[in-house]
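Comments concern the structure below.
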Amino acid sequence: VADRLEEAYGYYSPASRSVMSLPDFIRSIKSGFWKSARVDHVECQGEDACDVEVTIEYQVHGNRAKTPVRETWIRTDGQWWYVKKG
């Protein structure tokens with residue numbers, strides 16, 4: 001939301017970063033697109049893996065819209081990481 005893209009990229013898991021470089025990540029993001037994000041629900045399969053349901057609000061053609069997003073987070077060596085899928 002704050003357009004701190006290098007910081008956001010730092011949350012990607014090492015495996016995710018191995019297949020998406022920082023320049024590719026930055027090119028994939030529309031600056032100013034996201035307006036807010038809200039965590040709605042967290043469900044963990046164990047101590048080291050959780051699915052997170054988030055609602056994002058964004059702006060398209062001057063109109064605001066909301067959509068749900070499902071994310072996967074894993075913990076490795078005490079650090080939580082976002083896992084990019086697809």
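What does the charge count around Q59 come to, taking other residues whose C-beta lies under 14 Å from its C-beta (Lys +1, Arg +1, Asp -1, Glu -1)?
+2
If the chain linking R64 and V52 were pulled fully straight, counting 0.36 nm for each residue of separation and taking away their Cα-Cα distance, it would gain 2.1 nm. When you restrict to C-alpha pairs under 8 Å that are six or more residues apart and normalise by the size of the chain, the relative contact order lands at 26 percent. Projecting the Cα atoms of A15, V60, I29 onto the dipole axis of the chain, where Lys and Arg carry +1 and Asp and Glu carry -1 at the beta carbon, places V60 farthest toward the positive end. Among beta bridges identified by DSSP and lying wholly in the chain, the antiparallel ones come to about 95 percent.
Taking the helices alone, the chain has a mean residue ellipticity at 222 nm of -4500 deg cm²/dmol, built from -39,500 (n - 2.57) per DSSP H run of at least 4 residues and averaged over all its residues. Summing Cβ point charges (Lys, Arg +1; Asp, Glu -1) relative to the Cα centre of the chain gives a dipole of roughly 460 debye.
FYI, it's all coordinate maths here, none of it is from the lab. The structure presented is a predicted model; accordingly, all values stated were derived computationally and were not measured. Using ideal geometry, Cβ is built from the backbone for each residue, glycine included, and neighbour counts are taken over all protein chains shown.
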